[in-house]
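Undergrad: I'd like to ask you about the structure that follows.
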Amino acid sequence: MADMLVLSPKFIDFILTETKRDFLEGTTAAGKTTVGIFKFMMMVAKSELKYHVIAGADNGTVEKNIINAERGLLEQFDGVAEYNSNGKGKIRLPHIEYDTPSGTKIIYIAGFDNKKRWQKVLGSQMGCVYIDEVNIADMEFMREITHRCKYMMTTSNPDSPDIPVYKEFINHSRPLKRYIADYPEELLSELCETPKVGWVHWYFTFRDNAALTEQDIQEKIDAVPVGTKMYKNKILGLRGKATGLVFSIFDRKIHCIPKSQAKQYIREARNQEEYFEVFTSGLDTAYSTKSPDTIAMSFGGITNKGKFILLDEKVYNNAELGVPIAPSDTVENYIAFLERNREEWGLAKNVFIDNADQATITELKKYKRNHATCIYVFNDAWKQTKIIDRINLQLGWMNFVIERDVMPSFYIVDSCNVYQKELDTYSWKEDKDQEPEDGNDHMVNSVQYAWLPYKTKIGVK
């Protein structure tokens with residue numbers, strides 16, 4: 001069985017490392033499924049329990065991706081594994097009979113699409129669970145099965161960073177220290193939830209698949225246009241929606257800069273060639289305790305050469321807070337945010353608030369009346385510019401053509417992680433032309449409120 005596989009050192013390490021949970025991500029053709037099947041079957045053979053599970057989008061997909069695939073389960077374990085797609089004997093559900101030294105093990109096959117069937121499968125404690133394409137898994141299934149098994153392995157294709165399986169499961173895992181250097185910083189930053197003991201994250205690329213030649217790898221890279229989201233997903237193995245993105249042009253390597261670079265534009269001398277000419281701020285609010293919508297604050301600077309740089313952000317989500325924030329609390333938080341950035345960067349005298357939230361605007365104006373020393377002018381956001389026009393303006397400022405040395409006029413300090421995530425998820429509606437979805441947009445809106453009054457100053461060389 002094992003001699004059918006060509007194993008790289010990292011694959012061998014993966015197979016031999018004992019864990020409670022293995023979460024596999026990475027590029028296309030990295031061999032995740034092939035090596036994952038082998039380790040899973042090893043774990044099943046070692047388990048003291050008889051019943052185990054392989055799950056996917058539906059039974060047909062599991063058969064195609066795992067059971068009958070080239071170098072799939074039946075090929076790797078020919079002679080010791082038998083697939084019964086319609087059940088066999090007393091077991092009426094689809095399952096695999098796997099002969100091991102410790103006896104015959106039963107591996108049920110379950111699809112997320114059939115709740116009644118997977119509920120039957122999960123009627124008892126399981127030993128090992130393999131979940132294919134966990135990024136599209138039914139979350140009720142995930143929450144139910146995770147406490148019913150001793151060991152779990154998942155594979156996933158790069159997907160939108162805001163899907164719940166990342167927050168509830170995958171982002172609680174961590175890579176082994178010896179492989180951290182293999183990770184893109186963008187993916188490492190996503191693994192930010194409280195770590196859980198024995199939960200290991202594995203990032204596999206073409207280079208880890210010893211079965212691929214250099215020519216194979218290059219052909220796969222050449223097949224996808226550089227700079228597209230598909231390239232990001234398939235070739236770089238990074239999260240982010242592959243289609244429908246509003247800001248598909250966003251590239252962290254191009255648009256994100258360190259704070260130290262932005263500091264160079266703080267005006268210190270009269271003969272400084274480029275410097276911050278205007279500081280501005282936006283505030284978008286949402287007070288719901290039952291949604292992921294946020295209270296979003298942004299602070300940006302515009303240089304005399306037409307660059308906009310998002311310098312700082314702060315978000316609050318009432319759904320995640322024990323004591324929900326009210327408009328009066330937002331006033332205190334926003335003033336503190338503005339003051340902190342005034343001390344670090346400079347004064348944003350005019351700031352702009354979502355005019356759909358008159359409660360917060362009323363509280364801000366009341367604060368100014370009661371505090372004679374308040375130096376800020378609280379303005380309604382300038383919404384005369386339509387959303388589609390705002391998007392087109394920003395896309396123009398973000399445009400770059402490296403071959404012609406055309407660089408953007410729009411940058412983000414790399415610590416503004418929430419805004420970066422929104423740029424990776426803010427999408428067009430599927431059923432309407434040129435209208436974005438109402439979601440993943442609170443920092444997007446906040447930043448737009450900040451630059452809208454100064455749009456004629458941006459992109460001017």
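Undergrad: Working only within the stretch 276-312, note down all residues that are more than 18 Å from residue 397 (Cβ to Cβ), in contact (Cβ under 8 Å) with a residue 60 or more places away in the chain and either aromatic (Phe, Trp, Tyr) or buried (at least 16 other Cβ atoms within 10 Å of the Cβ) (or both).
TA: Applying the first criterion (more than 18 Å from residue 397 (Cβ to Cβ)) to the stretch 276-312 yields 281, 283-297, 312.
Now narrow it down to the ones that are in contact (Cβ under 8 Å) with a residue 60 or more places away in the chain: 281, 283-286, 292-297, 312.
281, 283, 284, 285, 286, 293, 294, 295, 296, 297, 312, listed by residue number.
Undergrad: Is there any pair linking a residue in the stretch 447-461 that is among the polar types (S, T, N, Q) to one that is open to solvent by 40 Å² or more (accessible area, probe 1.4 Å), with Cβ under 6 Å and at least six apart or on different chains, and which?
TA: Listed pairs, sorted by first residue: none to list.
Undergrad: Sticking with this structure for a sec: Does residue 348 fit the bill of being of a type in the set (Gly, Ala, Ser), surrounded by fewer than 19 Cβ atoms within 10 Å (Cβ to Cβ) and under 29 Å from residue 266 (Cβ atoms)? First the steps, then the outcome.
TA: On the way: of a type in the set (Gly, Ala, Ser): yes; surrounded by fewer than 19 Cβ atoms within 10 Å (Cβ to Cβ): no; under 29 Å from residue 266 (Cβ atoms): yes.
Criteria not met by residue 348.
Undergrad: Cβ-Cβ below 8 Å, separation at least six or inter-chain, first residue in the stretch 346-359 and touching a residue at least 24 places away in the same chain (Cβ under 8 Å), second part of a strand (DSSP E or B) and exposed (fewer than 14 other Cβ atoms within 10 Å of the Cβ): which pairs?
TA: Taking only residues 6 or more apart or on different chains, the pairs are 349/377; 350/377; 351/377.
Undergrad: How many residues are hydrophobic (A, V, I, L, M, F, W, C), surrounded by fewer than 22 Cβ atoms within 10 Å (Cβ to Cβ) and more than 24 Å from residue 31 (Cα to Cα) if we restrict to the stretch 125-140? Show your work before the answer.
TA: Initial filter on the stretch 125-140 (hydrophobic (A, V, I, L, M, F, W, C)): 126, 128-129, 131, 134, 136-137, 139.
With the extra rule that they be surrounded by fewer than 22 Cβ atoms within 10 Å (Cβ to Cβ), the set shrinks to 136, 139.
From the residues that got through so far, the ones that are more than 24 Å from residue 31 (Cα to Cα) too are 139.
Qualifying residue count for the region: 1.
Undergrad: For the stretch 1-88, which strands (runs of 3 or more DSSP E) that fit wholly inside it have 3 or more residues that are open to solvent by less than 60 Å² (accessible area, probe 1.4 Å) and touching a helix residue (DSSP H, G or I) at 6+ places or on another chain (Cβ under 7 Å)? Don't jump to the end; show me each part of the working.
TA: Details: elements: 21-26, 51-56, 81-84.
Result: 21-26, 51-56.
Undergrad: Can we say residue 354 is surrounded by 13 or more Cβ atoms within 10 Å (Cβ to Cβ) and closer than 23 Å to residue 263 by Cα?
TA: Numbers: surrounded by 13 or more Cβ atoms within 10 Å (Cβ to Cβ): yes; closer than 23 Å to residue 263 by Cα: no.
For residue 354, the condition - surrounded by 13 or more Cβ atoms within 10 Å (Cβ to Cβ) and closer than 23 Å to residue 263 by Cα - is not met.
The values are calculated or read from the model by the stated rules, or taken from the named source; none is laboratory data. Quick caveat: nothing in here was measured; it's all calculated off a predicted structure. Don't worry about glycine lacking a Cβ; one is built from the backbone with ideal geometry, like all the others, and counts go over all protein chains shown. Note: accessible area is taken over every heavy atom of the protein model, side chains too, but ligands, DNA and RNA are not part of it. Shrake-Rupley method; radii C 1.70, N 1.55, O 1.52, S 1.80 Å.
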